[in-house]
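> Once you've had a glance at the structure underneath, I'll fire off some questions.
Derivation of every value follows stated rules applied to the coordinates shown; laboratory data play no part. The structure displayed is predicted, hence computed values, not measured ones. Heads up, the Cβs are rebuilt from the backbone with ideal geometry, glycines too, and the neighbour counts pull from every protein chain shown.
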Amino acid sequence: MTIAAHPQAVRPLKKRIADASEPYLYSAPALILIITVMLVPLALGISYAFRDIQLLNPLSGGFIGLDHFRALSEDQAFFRALRNTLWWTGASVFLQFLFGLILALLLDKPFAGRGIAQALVFLPWAVPSFLAGLNWAWLFNPVIGPLPHWMYALGIMDAPNNILSDPHLAMWGPIVANVWWGIPFFAITLLAALQAIPRDLYEAASIDGAGPVQRFLSITLPFLAPTIAITILLRTVWISNFADLIVVMTNGGPADRTQIVASYIFTQAFKRLDFGYASAIALVLLVLLLAYSMLIVLLRQTLLNKG
Amino acid sequence: MASIDIHGIRKSFGTFPVLHGVDLTIRDGEFIVLVGPSGCGKSTLLRMIAGLEDVTAGEIRIDGKRVNDLAPKDRDIAMVFQSYALYPHMSVADNMSYSLRLRRSTKEKIASAVGNAASKLGLDPLLERRPRALSGGQRQRVAMGRAIVRQPKAFLFDEPLSNLDARLREQMRAEIKKLHGDLRATSIYVTHDQIEAMTLADRIVAMHAGVVQQVGTPLDLYDRPANLFVAGFIGSPGMNFFEGRYVASGEGAELQLANGATLPLGKRLGIESGSVATLGIRPEHVVIADGGALEAKVDLIEPTGFGIIMHVTIHDIPMKIFTLDRAMLNPGPNVRVDLPRDKLHLFGTEGTRVD
């Protein structure tokens, strides 16, 4: 053994360095890529939140500590955007989930033409969000769209007005567009989960005496629960960050009634060109979403452990 | 407990018929086994009794009451599935009590029913576990426990042992038989395994291609198979067949094989001389004797431990012999055999038994 060990002892320094750095060299391309495309922008963005960065002011750029956050804590527009975000996200996710689940349950039953129906259901997902926003904005426009006239005829509205210009109703416009656009995601994922439930269980339950409602509650729901938790988590994060439809349809108006945090960041960064303040808001949103995600992940874990 | 009457049952999936008019009367407390190869319609028949498949034509009565249009839950039957179909998110106790909870039974009644079933099946230490923490045999027991707690009019078993390994299957088979002895519940059991059918059944219903081939006690089917299908299906290794022409000659009769050789049948039978017929004999009934009438060329020897399966050729027709004589492990190239006349089965042109 001493003979075998001997050559190692006199290994030249260069060789030893090369051997030691070998694993790092192998992983370097991937690490460098991740650092440059993910970590650097993230760190830069976070650093903006503590600096005074205004594109139109060449003297800006200095470190200002927590000034942005102090300003933010007194910014009523921000708090309204936060409330609007809750409203926008809650209503959109709930309605998308509800209709997606109903659609999935319908598509789970065999009927003629089910293959075509399943393909059609996926269609809204393939429409670019800006196009969807424009379409729905036009549909709500009484000059060219039919929706206000229909709602007036049904007695839902007093006059065929554009709901997007009514401060009390404006948020419903983007929410409706978002629900239409997002149903396929829930329908398809829930349908996949539904089809993974063994049919035997439903048969056993129907012999045990369970009616349709009891079968849904004691078999379908427990089986869907993990999928529901993870899809709702994903959609909540996406939708609360999803300003496309709002920017296209209402641009935050009227009177900031449809301004959500994501669109407020967009306004601060690209209309007022105050990147520092926009970054501070983004950081707050990031922390809120992280906290929310942790909560859902914990919930899902306990659900899975129980099941 | 109840009797079950099945009258003229037909079933088609779309235009494809799978059951062609099944009639069956099951007495109260009887253990009936539906046996047949895959696709013979036995599971479909069971699922129709359970209410999981619609009846295309005919009538099913449980305890004298027509149930064709009743939902499964209103038929008061319990079913054990091949996959067990246990509710994975419920504990063993909850699985077993689910039907009682749905019927809003009292807590005391549920507890005593589950306790009784659990002690009968040895499930007491497992009641709080989830199905995924159980072995295959334990899951099987839970599935049976779930059926027992209800005290239904009838038990339906859909290949309940197919997912178990051979040793466990043997053990559960005996447990099911013992359980039926205790409960005396009307049971219908579907299997493709003829050993399960033979050992469990009060009466076997042999099915093939959507038609009932024979209904009888296990020994009826073994000793007097009604047709070629039953003869070939029941028994392992399967019955040997010689196809030929039935020729009556004087007091006796014989079977003329294709190559001109004849096999004596002993007595005259009720079919026309000259008609096509098939002679059958079970491997265990072939007698190896030095003075035997036939010469058999030995092709292959399969020792099973208990006995020996010999693959031989007689008159160019391959057949099997089952013998307990260990000397036959090294029989030499040829043996002489006899086909005892009282063990022969003759089937006519249509494949039905001729006596």
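> If I build a Gaussian network model for chain A, linking alpha-carbon pairs within less than 10 angstrom, which residue out of A:Ser21, A:Ser206, A:Ser263 has the largest mean-square fluctuation?
Looking only at A:Ser21, A:Ser206, A:Ser263, the largest GNM fluctuation is found for A:Ser21.
> Normalised by the number of residues in chain B, what is the relative contact order in percent for Cα pairs under 8 Å and 6+ residues apart? Could the numbers behind the result be given before it?
Details: 718 pairs, mean separation 54.8, N = 355.
Relative contact order, chain B: 15 percent.
> Now for a separate question. Reachable aspartates and glutamates from A:Lys109, Cα under 20 Å, same-chain residues fewer than 8 places away excluded?
A:Asp200, A:Glu203, B:Glu53, B:Asp54
> Relative contact order of the range A:74-306, please, whole-number percent, based on alpha carbon pairs below 8 angstrom and at least 6 residues apart.
On the way: 259 pairs, mean separation 66.5, N = 233.
Here the relative contact order equals 29 percent.
> Report the calculated FRET efficiency for A:Leu120 and A:Tyr26 (r = Cβ-Cβ distance, R0 = 60 Å), to the nearest 0.05. Each step should come with its number before you reach the end.
Details: r = 48 Å, r/R0 = 0.79.
Calculated value: 0.80.
> Which of the trypsin sites (Lys or Arg not before Pro) found in the range B:95-168 are in a DSSP loop and have at most 11 neighbouring Cβ atoms, other than their own, within 10 Å?
Working: sites: B:Arg101, B:Arg103, B:Arg104, B:Lys107, B:Lys109, B:Lys120, B:Arg129, B:Arg132, B:Arg139, B:Arg141, B:Arg146, B:Arg150, B:Lys153, B:Arg167; in loops: B:Arg103, B:Arg104, B:Arg129, B:Arg150, B:Lys153.
Filter output for the range B:95-168: B:Arg104.
> Mean 1/r over all different Cα pairs, inverted: what Kirkwood radius does the range B:239-355 give, in Å? Write out the running numbers ahead of the final one.
Working: mean 1/r = 0.0678 Å⁻¹.
Every distinct Cα pair counted, the radius reaches 14.7 Å.
> Run the quick spin-label model on A:Leu86 and A:Trp138: label points 7 Å from Cα toward the beta carbon, then report their separation in nm to one decimal.
Calculated label separation equals 3.7 nm.
> So what is the diffusion coefficient of the protein assembly as shown in µm² per second by Stokes-Einstein at 4 °C and 1.567 mPa s, using a Kirkwood Rh over Cα pairs?
Details: Rh = 32.6 Å.
Using the Kirkwood radius from Cα pairs, D works out to 40 µm²/s.
> Would you list B:Leu329, A:Leu13 from fewest to most Cβ contacts within 10 Å? Don't jump to the answer; show the numbers that get you there.
Values: B:Leu329 11, A:Leu13 7.
So the ranking, lowest neighbour count to highest, is A:Leu13, B:Leu329.
> Here is a follow-up. So, how do all the Cα-to-Cα distances of the range B:4-233 break down into 10 Å bins, in percent, from 0 on up?
8, 32, 36, 19, 5, 0
> Hydropathy first: keep DSSP H helices in chain B averaging at least -1.0 on Kyte-Doolittle, then drop any whose Cα extent along the axis falls short of 15 Å, and list what survives. Write out the running numbers ahead of the final one.
Working: long enough: B:92-102 (16 Å, 0.10); B:107-121 (21 Å, -0.07); B:136-149 (20 Å, -0.24); B:166-183 (25 Å, -0.97).
Helices passing the filter in chain B: B:92-102, B:107-121, B:136-149, B:166-183.
> Let me ask something else about it. Skipping prolines and chain starts, which residues have an amide H placed within reach, meaning under 5 Å, of the one on B:Gly235, given they are 5 or more residues away or on another chain?
When sequence neighbours closer than 5 places are left aside, there are no close amide H contacts.
> Of the options B:Leu279, A:Pro160, B:Pro225, report the single residue whose Cα projects farthest towards the positive end of the charge dipole of the protein assembly as shown (beta-carbon charges: Lys, Arg +1; Asp, Glu -1).
A:Pro160
> Place a +1 charge on the Cβ of each Lys and Arg in the range B:240-354 and a -1 charge on the Cβ of each Asp and Glu, then give the dipole magnitude about the Cα centre in debye, rounded to the nearest 20. Intermediate values should be presented prior to the final figure.
Working: 11 positive and 14 negative charges, 34 e Å.
Around 160 debye, computed over the range B:240-354.
> Moving on to the next point. Using a Cα-Cα cut-off of under 18 Å, which lysines could be cross-linked to B:Lys120, ignoring same-chain neighbours fewer than 8 residues away?
Straight-distance partners of B:Lys120: B:Lys109, B:Lys177, B:Lys178.
> Run down the lysines and flag those whose C-alpha is under 16 Å from the C-alpha of B:Lys73, throwing out any fewer than 8 positions away in its chain.
Result set, ordered by chain and number: B:Lys65, B:Lys153.
> Just to be sure I understand the model, the point goes 7 Å from the Cα along the line to the Cβ. What's the resulting A:Leu288 to B:Ala289 distance in nm?
9.9 nm
> Separate question: I want the local charge near A:Ser263. Using Cβ-Cβ distances under 10 Å, sum +1 for each Lys or Arg and -1 for each Asp or Glu among the other residues. Working shown, then result.
Numbers: positive: none; negative: A:Asp244, A:Asp256.
Neighbourhood net charge equals -2.
> Follow-up. Give me A:Leu147, A:Leu154 ranked fewest to most by other Cβ atoms within 10 Å of their Cβ, as a rough exposure proxy. Could you put the intermediate results ahead of the total?
On the way: A:Leu147 19, A:Leu154 8.
So the ranking, lowest neighbour count to highest, is A:Leu154, A:Leu147.
> Once you place label points 7 Å from the Cα toward the Cβ at B:Ile301 and B:Thr217, how far apart are they in nm?
3.8 nm
> Same structure again: Contour minus end-to-end for B:Leu70 and B:Arg104, with contour as 0.36 nm per residue of separation and end-to-end as the Cα-Cα distance? Display every interim value, and only then the final one.
Working: separation 34, 0.36 × 34 = 12.24 nm, distance 2.06 nm.
Residue separation times 0.36 nm, minus the Cα-Cα distance, leaves 10.2 nm.
> Under 25 °C and 0.890 mPa s, how fast does the range A:74-306 diffuse according to Stokes-Einstein, given a Kirkwood radius computed over C-alpha pairs? Answer in µm²/s, whole number. Walk me through the intermediate numbers first.
Working: Rh = 19.8 Å.
Using the Kirkwood radius from Cα pairs, D works out to 124 µm²/s.
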